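What follows is a single structure, written as structure tokens, with notes after it.
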Amino acid sequence: MATRAVVFDLYGTVLRLEGLQDAAAVAGAADPAAFVATWRRKQLEYAFLSSLANAYRNFDELTGLALEHTCAQLGLRLDAIGKARLFEAASSLPAHADALPALQALQARNVPLAVLTNGVQASAQRAIANAGLGGLFSAVLSVETVRAYKPDPRVYGIATTHFDCAPLEIAFVSSNPWDAWGAAHFGFRVLWCNRTGAPPELLTPAPEVTMTSLAELPAHV
């Protein structure tokens, strides 16, 4: 079946979450990598919990709450200005080095590209522009329209509705194994970007393709 569009997860897949480590260091985190990893885990935990409880709050709110919790957990005392600076750093994440060449290669072939993100649409658009990727995506699709978070099937349905196509006509790219599984369960063709060499998830269905870099992506589309 022909591919109608390539749809990307944004945070972690296209944008480097590790880019927050410099801001965490400036804020005084003793171990910036551990701080960012803990913040990310809590952010996702809040997203999963709010979906399961049907108690949606937008991703910016959950990110702020996760930051508060992480500061308390790791003993980092920040005033309101310090917390605001860390929060704003999430809108200035750099792109992974392999992202721009892969996106440009697909765009040159007139392959429609989109983002499907847990993030707030306006925040995601700002992050994409700040990373120098503006104009590469035909759509930035957000969970805001269904008020639930990935891997809820309703979220993946946003993409099939937008492109008016069957799930198998979407090639979905994510670096998050839980997101890759959710997308495969929905019926997308899934290309998992496993940059860290993580073991595959045991839940089925498995991704159709496992890549170590987005540089491999054009060969599979």
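Run the numbers for T210 and D22: contour at 0.36 nm per residue of separation, minus the present Cα-Cα distance, in nm.
64.7 nm
For the range 13-26, take each phi angle, set θ = phi - 60°, evaluate the Karplus expression 6.51 cos²θ - 1.76 cosθ + 1.60, and give the result in whole Hz per residue in order, putting x for glycine and proline.
8, 9, 9, 7, 5, 4, x, 6, 5, 4, 5, 5, 5, 4
Take A2 and Q104, extend 7 Å from each Cα along the Cα→Cβ direction, and tell me the distance between the two endpoints in nm.
Modelled inter-label distance: 2.7 nm.
Once you have the Cα-Cα distance between T196 and E88, take 0.36 nm times their residue separation minus that, and quote the gain in nm to one decimal.
Computed gain between T196 and E88 is 36.3 nm.
I'd like the GluC sites (Glu not before Pro) in the range 48-143 restricted to DSSP loop residues with at most 15 other Cβ atoms within 10 Å, sorted by number.
Passing sites in the range 48-143 do not exist.
Using the C-alpha atoms of the range 7-61, what convex hull volume per residue, in cubic angstrom, is computed?
Dividing the Cα hull volume of the range 7-61 by its residue count gives 92 Å³.
So what are the ³J(HN,Hα) numbers for the range 157-171, from phi and the Karplus equation (6.51, -1.76, 1.60; θ = phi - 60°), rounded to whole Hz, Gly and Pro as x?
Residue by residue, the range 157-171 yields x, 4, 6, 5, 5, 4, 8, 6, 8, 7, x, 5, 8, 9, 9 Hz.
Expressed as a fraction of 2.2 N^0.38 Å, the rule-of-thumb size for a compact globular protein of N residues, what is the C-alpha radius of gyration of the range 61-100? Don't skip to the answer; put the middle values down first.
Details: Rg = 12.6 Å, N = 40, 2.2 N^0.38 = 8.9 Å.
Taking the Cα Rg and dividing by 2.2 N^0.38 Å, one obtains 1.41.
Please list 102-115, 168-181 highest first by mean number of surrounding beta-carbon atoms within 10 Å per residue.
So the peptides 102-115, 168-181, ranked by packing, come out 168-181, 102-115.
Based on the Cβ-Cβ distance of S138 and L168, what FRET efficiency does E = 1/(1 + (r/R0)^6) give at R0 = 30 Å, to the nearest 0.05?
After rounding to 0.05, the efficiency reads 0.95.
Want the number for A72 to A30: 0.36 nm per residue separation, take away the alpha-carbon distance, what's left?
Values: separation 42, 0.36 × 42 = 15.12 nm, distance 1.35 nm.
So the chain would gain 13.8 nm between A72 and A30.
No value in this document is a laboratory result; all are computed from the given coordinates. Because the structure is a prediction, the values reported are computed rather than measured. Note: ideal-geometry Cβ built from the backbone for every residue, glycine included; neighbour counts use all protein chains shown.
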